[in-house]
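Novice: Just passing along the structure, written as C-alpha cells.
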Amino acid sequence: MRLHAVHAWKLPSCAAELPFGIPEVDRGAWEDHEVQLLADMLRPWRAKYPGLRVLEDVALFAPAHALIRNSASAALVVVGRRAGSGSAGITRSLLRDAECPVAVLPW
C-alpha cells in the first residue's frame, strides 16, 4: 500500500508585485520551502509507520483542485477539517467532484 501525500501551495502575494514575472530562482526557493514543510509534517508519521510507502507531492494549485486532480488515481481521498478554518469550500468541492470516495476527518 502507498500513501500519496498532497500539499497544495500558492505563490506569495509579493509575486504579483513583480513587474516582469517571477524569477525562476525565487519560484524554486519558494517551492523548496513547501517541499520542506511537507517533509517536516510527515516526519513523525514516517517514524511511527516505517513500513508505509509515501509519495510526497507538492502542487502549485488551489487545494481543492490539487486533490480532485489526484482523486482520479486514488482509492480514497482523506481530508482534514478544522472548525472555522475556511476548509468547508474545499470539502464541498471534493465531495462534489472527486473521482473516488472521500473521508473528511476532524482534527
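The values are calculated or read from the model by the stated rules, or taken from the named source; none is laboratory data. Model, not experiment: these values are computed from the prediction. Cβ: placed from backbone, ideal geometry, glycine included. Neighbour counts: every protein chain shown.
Novice: Suppose we filter 39, 47, 16 for residues that are loosely packed, with under 11 Cβ neighbours inside 10 Å and under 25 Å from residue 64 (Cα atoms); which single one remains?
Specialist: 16
Novice: Moving on to the next point. Just one of the numbered conditions (1) modelled with pLDDT of 95 or more; (2) surrounded by 12 or more Cβ atoms within 10 Å (Cβ to Cβ) is not true of residue 10; which one?
Specialist: That leaves (1) as the condition not met.
Novice: While we're looking at this one, here's another question. Among the numbered conditions (1) free of Cβ contacts under 8 Å to residues at least 60 places away in the same chain; (2) on the phi < 0 side of the Ramachandran plot, tell me where residue 6 comes up short.
Specialist: Tallying (1) free of Cβ contacts under 8 Å to residues at least 60 places away in the same chain; (2) on the phi < 0 side of the Ramachandran plot, residue 6 fails exactly one: (1).
Novice: Shifting gears a bit: If I filter the range 22-30 for residues that are farther than 24 Å from residue 103 by Cα, small (Gly, Ala, Ser) and not in a helix (DSSP H, G or I), do I get at least one hit?
Specialist: The answer is no; no qualifying residue exists.
Novice: Residues that are in contact with a His (Cβ under 8 Å, 6 or more places away or on another chain): list the strands (runs of 3 or more DSSP E) wholly contained in the range 40-107 that include at least 2 such residues.
Specialist: Because the criterion is at least 2 residues that are in contact with a His (Cβ under 8 Å, 6 or more places away or on another chain), the strands (runs of 3 or more DSSP E) in the range 40-107 that meet it are 53-59.
Novice: Another question about this same structure. Regarding the range 37-45, can at least one residue be identified that is closer than 11 Å to residue 6 by Cβ and modelled with pLDDT of 95 or more?
Specialist: Checked against the condition, which is being closer than 11 Å to residue 6 by Cβ and modelled with pLDDT of 95 or more, the range 37-45 yields at least one hit.
Novice: Farther than 21 Å from residue 2 by Cβ, surrounded by 14 or more Cβ atoms within 10 Å (Cβ to Cβ) and free of Cβ contacts under 8 Å to residues at least 12 places away in the same chain, is that true of residue 22?
Specialist: yes
Novice: Take residue 67 and decide whether it is under 16 Å from the mean Cα position of the chain (by Cα), under 24 Å from residue 102 (Cα atoms), modelled with pLDDT of 95 or more and surrounded by 15 or more Cβ atoms within 10 Å (Cβ to Cβ).
Specialist: no
Novice: Being under 17 Å from residue 8 (Cβ atoms) and surrounded by fewer than 13 Cβ atoms within 10 Å (Cβ to Cβ) narrows it down to one residue among 53, 27, 82; which is it?
Specialist: After ruling out the rest, the residue left standing is 82.
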